[in-house]
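Okay, structure first, notes after.
Please treat every number below as a calculation from the coordinates, not as lab data. The structure displayed is predicted, hence computed values, not measured ones. Cβ placement follows ideal geometry from the backbone for every residue including glycine, while neighbour counts extend to all protein chains displayed.
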Amino acid sequence: MRFMVGALESTGAMSVSRLSLGALAWTFVTAGIYLTNASSDVEADVINRKNRPLANGQLTTREVNAAALVSFGVSVTCAASLGAGSLAIVSLMAILGTYYSVGWPRPGKAHYATAAATITVGIFLPYVAGSLANSGSISSPSLWTGIVFAIWAAIAGMSKDFADVEGDRSTGRRTLPVSLGLRSSAFATGGLAGVFAILLLAIGNRVVPTDGTVVLVAGVCAFAAACAVIGARGRQTQAVGLPYRIFVLTQITANTAIAVVAIGSY
């Protein structure tokens, strides 16, 4: 979705052939990243009792790693056909995703600071990639939309770890809730989300289409409220995974709203 928004906000006429190759490149690089991360998360997933194919033995890490390599290969091949810019962006995304999961001397996800930085850049790049794939250049709307959603990811993305404290602590990961405690992390994250909502209300429609800004503000406020509940109740609440679900839903709905506006302009 982020890739398509970047393409729709780019300048010039839509190129079906370039968009198809770009979408393939982005789909496969994303698949490679998810597969690599799943392979590296097996131990924590078992501890956190996640019902996932690797954790429950349906797949082996060797099979998943092989699939990840194939995915990366396909993505780079497709991107290379679009030019140096697209190849560079897709390659950077593959490197960042690999660093996040299995980086040396420690994975990016091992500490909340490097995890947040990696996720932020990873959210921004698809918008640039979409614009480059369609027009060969980076448009201002694609750039600003990418920046806004990257900031949102920097604030809210760490909420994914709220439900995984036990497994993350056991595997040595210094996530935000492991480092600060769940309740403090929830309050801090929710507070930052509140500040972000105020900024969006003040200047959001200058850099993101109004429909997207409205959806994003609503999602950010709901996220902040969910974090406040966790901050007040801690592990006693059953909603510990709710902030991250709101974050994901907001990403999807706000990007969809922006895409609809962009399609209407063609």
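Observations, loosely collected:
- Among (i) -0.22, -0.82; (ii) -0.40, -0.86; (iii) -0.25, -0.89, the entry derived from the coordinates for log10 I(q)/I(0) by the Debye sum over Cα atoms at q = 0.07, 0.13 Å⁻¹: (iii)
- For the range 90-162, a/c is not less than 1.5, where a ≥ b ≥ c are the root eigenvalues of the C-alpha gyration tensor, and a/b does not top b/c. That puts it in the oblate class.
- Build a GNM of the chain with springs between Cα atoms under 10 Å apart, and of L216, L59, L21 the one that fluctuates most is L59.
- Mean-position separation - Cα centroids, the range 213-266 and the range 114-163, in angstrom: 16 Å
- GNM flexibility winner over the chain from I203, I89, I33 (Cα, springs under 10 Å): I203
- Distant-in-sequence amide H partners of R174 (H built 1.01 Å from N, under 5 Å): H111, Y112
- A simple charge model with +1 on the Cβ of Lys and Arg, -1 on the Cβ of Asp and Glu and nothing else charged puts the dipole of the range 145-266 at about 260 debye relative to its Cα centre.
- In the range 168-266 the Cα-Cα distances spread across 10 Å bins starting at 0 as 16, 39, 27, 14, 4, 0 percent of all pairs.
- The range 171-213: C-alpha gyration tensor shape, a/c 1.5 cut-off, then a/b vs b/c: prolate
- Principal axis dimensions, the range 8-164 - Cα atoms, whole angstrom, descending: 50, 32, 28
- The charge dipole of the chain, taken about the Cα centre with unit charges on the Cβ atoms of Lys, Arg (+1) and Asp, Glu (-1), comes to about 400 debye, rounded to the nearest 20.
- In order along the range 250-262, phi translates into HN-Hα couplings of 5, 4, 5, 5, 5, 5, 4, 4, 5, 4, 4, 4, 5 Hz, rounded to whole numbers, per the Karplus curve 6.51 cos²θ - 1.76 cosθ + 1.60 with θ = phi - 60° and x for Gly and Pro.
- Cα gyration tensor, the range 1-67 - rounded (a/c under 1.5), prolate or oblate: prolate
- Ranked list, fewest to most other Cβ atoms within 10 Å of each Cβ, for W144, W104, W26: W104, W144, W26
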